[in-house]
């Protein structure tokens, strides 16, 4: 006979995170740089009150559990209120990436069947463009006061402040089933229509707890946190949930994500922790070097979304900032691994430590991972064997929104699409995306490793390495490079930089220099576009060796 524990049960739901912050860290600030350019300040207690006013407004408008409310917004205090006010009533907060093509945005608004869409003023032109193609949207709400509404618009717009004005400042958050849907995010859709990932209250709460652990993001009440990663990009990596959970001060940077703007904000608000993609930190490093600034209070930056180039980690370290490598994806809510030193780490040589720190880290408790070969058999954790990376856990997707079939293997694992190694201590390293790996003469070449060497050259600003069709070797690596301003670096000079760093047959056969590289909607290199543009470079130019 089963014997059940006799403990109190309270469902895991997002409203409890903000409610806890309001009660136990009520005077802690949320600071936002608004799209209007000024700074807005209030507290977790204020945020909770306004989220309850929003909940009253939405229920008064007939929004019920399961309804979708879309957001097209930067990181700001009204967006935080939407996160909690929408999910707190059992509705679904659907964060929309404004960097997608308008056709893709209209597609996901319709696919999600959003009843309401709330948007920042900077996206007005985009909203006016897509609205005629979104017949299910009943209201377009601009995140402004009534005075901020445009004098003339093709749409019957509402003001967010008018929506919540006069609403009661108290709302009894309902006791929800923790498995209910809470947030909907769509993938960036580089190879077809974006796919929706529907997170539950349970999955997001568990990730918030786990990602706050010392060997994960290590959040404390004493921290001041800036999620530079947008709230429309996988919930700003969960920081809008984990920061209130621990009572950390939250600073929201709005649309100004250039190095100068971030440096000024970090200094002004005494920021200790931030998170963003490598391109953001490259801009910050460049600004700080040019102006002679140092880190100040900023201790750590979480680097994810793409591999952190070794020279970027070194540059941040020289400025007094520790780069913490992390990995995840939309389907993982997104945190999967974070660098955290093991018992013997301190006894290793400086070179060994640097090699480990360049990896994507160890799994956050609550996630499992393994690597498998082409036959599906698990590969050893020896740091050398590379295989397809599979994951499972409490906040891993089971199926995409609107699809009946599962996206898991028969034994319950999710295929990430990444190729990786795992060493004996559990440190995982992404060697490539399965669609980006280069197979030359039957042997694999890591495009990520070749890119890392290229950007270590002092005259290279950005680099991408793609598989290029080759008449003899099937594929050969091709470098596509953006030079630093004023550089006259040529292909011969850059390719000679690889000598002694990788096997000779890994060295690319040619370099194409371009003024800029295409990026996806989430700031990653858009290699599909590069393959379409340069995938026949060797045969077209006759440079095949």
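What are the residues in segment 298-337 that are over 17 Å from residue 282 (Cα atoms) and under 12 Å from the mean Cα position of the chain (by Cα), if any? Reasoning before the result, please.
Let us first name the residues in segment 298-337 that are over 17 Å from residue 282 (Cα atoms), namely 327-337.
Result: 327, 328, 329, 330, 331, 332, 333, 334, 335, 336.
The numbered conditions (1) closer than 23 Å to residue 136 by Cβ; (2) in contact with a strand residue (DSSP E or B) (Cβ under 9 Å, 6 or more places away or on another chain) are all true for residue 31 except (1). Applying the criterion of at least 2 residues that are within 22 Å of the chain's Cα centre (by Cα) to the helices (runs of 4 or more DSSP H) found wholly in segment 75-162 leaves 77-88, 102-112. Screening the candidates 315, 340, 323, 307 for the property of being out of contact with any helix residue (DSSP H, G or I) (no Cβ under 7 Å at 6 or more places or on another chain) and either in contact (Cβ under 8 Å) with a residue 12 or more places away in the chain or assigned by TED's automatic domain parsing to the domain that holds residue 464 (or both) yields one hit, 340.
Of the strands (runs of 3 or more DSSP E) lying entirely inside segment 209-322, those carrying at least 1 residues that are in contact with a strand residue (DSSP E or B) (Cβ under 8 Å, 6 or more places away or on another chain), surrounded by fewer than 21 Cβ atoms within 10 Å (Cβ to Cβ) and modelled with pLDDT of 95 or more are 300-303. Would you please name the residue that is nearest to the chain's Cα centre (by Cα), looking only at residues in segment 376-430 that are surrounded by fewer than 19 Cβ atoms within 10 Å (Cβ to Cβ) and not in a loop (DSSP other than H, G, I, E, B)? Checked segment 376-430; the qualifying residue nearest to the chain's Cα centre (by Cα) is 417.
The values are calculated or read from the model by the stated rules, or taken from the named source; none is laboratory data. Quick caveat: nothing in here was measured; it's all calculated off a predicted structure. Counting neighbours? That spans all protein chains shown, and the Cβs are built from the backbone with ideal geometry, glycine included.
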